[in-house]
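Here is the structure we will look at, set down as structure tokens.
The values are calculated or read from the model by the stated rules, or taken from the named source; none is laboratory data. Keep in mind that what you see is a predicted model, and the values were worked out from it rather than measured. Here the Cβ positions follow ideal geometry from the backbone for every residue, glycine too, while neighbour counts run over all protein chains shown. Protein only, heavy atoms only, side chains kept; ligands, DNA and RNA dropped before computing areas. Shrake-Rupley method; radii C 1.70, N 1.55, O 1.52, S 1.80 Å.
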Amino acid sequence: MIYFPGVDKIEYEGKSTDNMFAFRHYNPEEYVLGKKMKDHLRFAVAYWHTITYEGADQFGVGTFHRNWYGSTPMETAKNRVDAFFELLTKLQVEYFCFHDVDIAPQGNSLKEFFDNLDEITDLIKEKMDETGIKLLWNTANMFSHPRYMNGAATSNEADVYACAAAQVKKGLDINKKLSGENYVFWGGREGYESLLNTNLELEQQNIAKFFHMAVEYAEKIGHKPQFLIEPKPKEPTTHQYDYDAATTVAFLQKYDLIQDFKLNLEGNHATLAGHTFDHELAIARLYNVLGSIDANHDEKILGWDTDEFPHDLLTATLAMYQILENGGLEPGGINFDAKLRRTSIEPNDLLLGHILGMDTFARGLKAAA
């Protein structure tokens, strides 16, 4: 089945083209400062905002009615694999990223969830072998399920902590299975709303121990990808422990983790913290922990994490300047943690959004160079 009809591979056609489904600035084989553009940028597509996102927002249900929906959750999950790799192939993107819950139904138990993950990752591996597309990073969603309402790796509930550890263990096993180059930790609910019912020191110790266990397990299985922590200052908790780059570096230094972790920095998270994106990149570069980025843009009038596709040339140029000064991002990359607006219901709009983001960063790369 064709999920994105009427569009072939997106090719570079230059600034003069009037073809909406073409690159104007991103020429993957063009050399910039002695290296191919595709190797500078290492673009990745996010599974969650492309294939599983249904167009819902804080005030309304989903508006996207995709042609990959099946009659059962597992049928839909299998169709999504086909649709996702069709999207990646048409965009000529070489990497992708996902949360565990993006790719497989959670079912009624961890065992059922893990069985589903095994089945779907078998399909993903087949697609990877067929296309040559690689896994930039995967991660465990430890913020959506009700069990994680008060945190996961920071929780003082032993069963919640154990579930979180099991998910990360499975995530690392999957990372090895798919030859992932990085593994991300995003503490969606690792924070607090009030200090009056929070033991701040205990929660920090809990998550530090959690990270040490992850490092030990990766070494045990003989597969240690680059570990990345993704800072975010707020949403959904009022105060999140990994507020920004500087706060996260201080945590890594205090708990003797600085040698094992780098940062995955996001443009929209930087502005939520009151910083510019290039400021966050510069801080990470200063401490030698700039590992990878999530590329998106914010709507400052709204004030929340809007995850728009990148479209601001100045922001992209200043970001790419810091990345060039860093000597690049490899084994990290530029993941489009970006989604369509709720009113943009056509599946092919996913192609147009990524074309916009890729062209913006390609033009930013050339300007920074």
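Out of the residues in the stretch 154-167 meeting the condition of being free of Cβ contacts under 8 Å to residues at least 60 places away in the same chain and in a loop (DSSP other than H, G, I, E, B), tell me which one is farthest from Ser109 (Cα to Cα). Before the answer, list the steps.
Going residue by residue through the stretch 154-167, those that are free of Cβ contacts under 8 Å to residues at least 60 places away in the same chain are 155-166.
With in a loop (DSSP other than H, G, I, E, B) added as a condition, the list becomes 155-157.
Details: Ser155: 20, Asn156: 21, Glu157: 18 Å.
The selected residue is Asn156.
Determine if the stretch 46-63 includes at least one residue that is among the aromatic types (Phe, Trp, Tyr), over 17 Å from Val101 (Cβ atoms) and at pLDDT 95 or above.
Taking every residue of the stretch 46-63 in turn, none turns out to be among the aromatic types (Phe, Trp, Tyr), over 17 Å from Val101 (Cβ atoms) and at pLDDT 95 or above.
Just to be sure I understand the filter: pairs with C-beta atoms under 6 Å, separated by 6 or more residues or on different chains, first member in the stretch 190-201 and touching a residue at least 12 places away in the same chain (Cβ under 8 Å), second member surrounded by 12 or more Cβ atoms within 10 Å (Cβ to Cβ) and aromatic (Phe, Trp, Tyr). Which pairs pass?
Hits for this filter: Glu190/Tyr241; Gly191/Tyr241.
Can you name the helices (runs of 4 or more DSSP H) wholly within the stretch 168-276 that have at least 2 residues being β-branched (Val, Ile, Thr) and out of contact with any Asp or Glu (no Cβ under 7 Å at 6 or more places or on another chain)? Explain how you work it out, then say what you get.
Details: elements: 200-220, 245-254, 267-272.
The helices (runs of 4 or more DSSP H) meeting that bar are 245-254.
Run Ser292 past the list (1) part of a strand (DSSP E or B); (2) of a type in the set (Gly, Ala, Ser); (3) modelled with pLDDT under 95 and report the number of the one that doesn't hold.
The number of the failed condition is (3).
Among the candidates Leu200, Leu123, single out the residue that is among the hydrophobic types (A, V, I, L, M, F, W, C), surrounded by 15 or more Cβ atoms within 10 Å (Cβ to Cβ) and at pLDDT 95 or above. Steps first, answer last, please.
Numbers: Leu200 fails: surrounded by 15 or more Cβ atoms within 10 Å (Cβ to Cβ).
Criteria check complete, one pass: Leu123.
Those residues that are in contact with a strand residue (DSSP E or B) (Cβ under 7 Å, 6 or more places away or on another chain), closer than 24 Å to Glu325 by Cα and surrounded by fewer than 21 Cβ atoms within 10 Å (Cβ to Cβ), I need them from the stretch 235-260; list them, please.
Asp260
For residues that are within 21 Å of the chain's Cα centre (by Cα), of a type in the set (Ser, Thr, Tyr) and open to solvent by 10 Å² or more (accessible area, probe 1.4 Å), tally how many sit in the stretch 140-172. Write out each step before concluding.
Keep residues of the stretch 140-172 that are within 21 Å of the chain's Cα centre (by Cα), which gives 140-145, 148, 151-153, 164-172.
When the remaining residues are screened for being of a type in the set (Ser, Thr, Tyr), the result is 144, 148.
Among the residues that remain, those that are also open to solvent by 10 Å² or more (accessible area, probe 1.4 Å) are: 144.
Here the count works out to 1.
What number of residues within the stretch 173-192 satisfy the criterion of being under 19 Å from the mean Cα position of the chain (by Cα) and of a type in the set (Ser, Thr, Tyr)?
2
Provide a single number: the residues in the stretch 268-312 that are open to solvent by 40 Å² or more (accessible area, probe 1.4 Å) and touching a Gly at 6+ places or on another chain (Cβ under 6 Å).
The number of residues fulfilling the criteria is 0.
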